[in-house]
């Protein structure tokens, strides 16, 4: 009876939240960009005071990753993201081309429903709230059950700061009584305009069935290819730094390393010198058997754990200086756990004869999760880099950079984001690093620059030329026929 009551309460709360958000967004839509910017700045100023506290809270609550790295993510959003947003216009006139006499008007999409992962609960929540309000949208969160307290506290701080500076009540809110039924009600409500699902694959089917546009930051199975011209030392350091950050919980982090055979021994030595442990076949099998449950779902108790914790769970030990576990593999298959996403410091390791075979291996790995998230190539051969960029079924290609940091726009100039679209296989409406531009419609404005008479006369002139040309063509054909007749007649008479 309790479960049914909770469902009913959650559904009712969801309806009220969406209806309130719809009314609040009508008011918000009238706000000029300057007012929205003031609210966003106030939100950042306040939440930044709690960045460390929220990082520690999220690590304690979820038992995923390292709080120190979660603190880096929180500060990254409060720093890099807000710097990128400053001075940018997303609502009102966002482009005015005086020469062509056209304008683009940014129009908020409406009410957004947000799902955040337990792996990066505070940083993803802050990020989504900021880009939604920056673009004049209302946004409602359904907290992840494993990170409910962290997400709720993060939002309480943001709401208090934003509403204190003029944000309409209800424009930023969250579901307090969280149940699947309540979340479903949020997504299916008539007033809902868009769903942002970041790293919650269990809700993907429900989001798609809602019939609403979906932005999906999904599973990552990103390979990193170390090509023969790469700076091997730097490439290995990048991969280990990326894969061990927050104990590997970032979906964009490398899941497999593909190595050019002619440099394989040097690459392996470099990995071992930098804290990588190459498991025996027996150790690989023991660890691999723990990644997924019998029904195929990921074993969440393997997520965000250190190399030592993972090895201990699998029944073997590794030295304290080991940072990442590596399993040497040959094949990609649905039954091979190392062919799939592993949200922990574990890498599959493949050796291929040349870049063309490596290219095929990377494609196999990317399509095994069917979302096409991120690929990294370490190379100085621009021709090979371009071939990889052109051929891979993937949302983003990163070159000579750690996947975790490059994908989120820290070590690249990609937009600073915690939702990385992975829609190259038809999942979600974008493969972008999601920005406020993905949360608005573009209203096109075009001034008249030609009269209808000009168009009519121009078309008629073209038709006249076409008719004349056809007539000339016909005339030439008739002349040819008459000439042929004359030749034949003379030939007969001569005969």
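The values are calculated or read from the model by the stated rules, or taken from the named source; none is laboratory data. Note that the structure is a prediction, hence the values are computed from the model and not measured. Note that each Cβ is placed from the backbone with ideal geometry, even for glycine, and that neighbours are counted across all protein chains shown.
Below is a table of values for the structure above.
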item: Residue tally, condition within 17 Å of the chain's Cα centre (by Cα) and over 30 Å from residue 377 (Cβ atoms), over the range 203-228; result: 4
item: Any hit, the range 408-417, residues being crowded, with 20+ Cβ neighbours inside 10 Å, more than 30 Å from residue 81 (Cβ to Cβ) and in contact with a helix residue (DSSP H, G or I) (Cβ under 6 Å, 6 or more places away or on another chain); result: no
item: Criterion: under 16 Å from residue 14 (Cα atoms), at pLDDT 95 or above, assigned by TED's automatic domain parsing to the domain that holds residue 207 and touching a helix residue (DSSP H, G or I) at 6+ places or on another chain (Cβ under 9 Å) - qualifying residue of 180, 143; result: 143
item: Conditions (1) part of a loop (DSSP other than H, G, I, E, B); (2) modelled with pLDDT of 95 or more; (3) under 23 Å from residue 218 (Cα atoms); number of the one not met by residue 117; result: (2)
item: Odd one out for residue 391 among (1) touching a residue at least 24 places away in the same chain (Cβ under 8 Å); (2) within 29 Å of residue 94 (Cβ to Cβ); (3) surrounded by fewer than 20 Cβ atoms within 10 Å (Cβ to Cβ); (4) out of contact with any strand residue (DSSP E or B) (no Cβ under 6 Å at 6 or more places or on another chain); result: (2)
item: Residue in the range 99-107 that is touching a strand residue (DSSP E or B) at 6+ places or on another chain (Cβ under 9 Å), in a strand (DSSP E or B) and closer than 25 Å to residue 407 by Cα present; result: no
item: Selection status of residue 11, part of a helix (DSSP H, G or I), within 26 Å of the chain's Cα centre (by Cα) and either at pLDDT 95 or above or surrounded by 15 or more Cβ atoms within 10 Å (Cβ to Cβ) (or both); result: no
item: 2 or more residues within 18 Å of residue 242 (Cα to Cα) and in contact with a strand residue (DSSP E or B) (Cβ under 9 Å, 6 or more places away or on another chain): qualifying strands (runs of 3 or more DSSP E) within the range 191-231; result: 223-226
item: Search result, residues across the range 193-213 that are crowded, with 22+ Cβ neighbours inside 10 Å and touching a helix residue (DSSP H, G or I) at 6+ places or on another chain (Cβ under 7 Å); result: 195, 196, 197, 198, 207
item: Out of 43, 57, sole residue that is outside the structural domain of residue 246 (by TED's automatic domain parsing), under 25 Å from the mean Cα position of the chain (by Cα) and crowded, with 19+ Cβ neighbours inside 10 Å; result: 43
item: Subset of the range 319-331 that is within 18 Å of residue 248 (Cα to Cα) and in contact with a helix residue (DSSP H, G or I) (Cβ under 9 Å, 6 or more places away or on another chain) - its residue that is surrounded by the most Cβ atoms within 10 Å (Cβ to Cβ); result: 325
item: Test: residue 186 is assigned by TED's automatic domain parsing to the domain that holds residue 22 and part of a strand (DSSP E or B); result: no
item: Which numbered condition residue 479 misses (of (1) in the same structural domain as residue 201 (by TED's automatic domain parsing); (2) modelled with pLDDT under 80); result: (1)
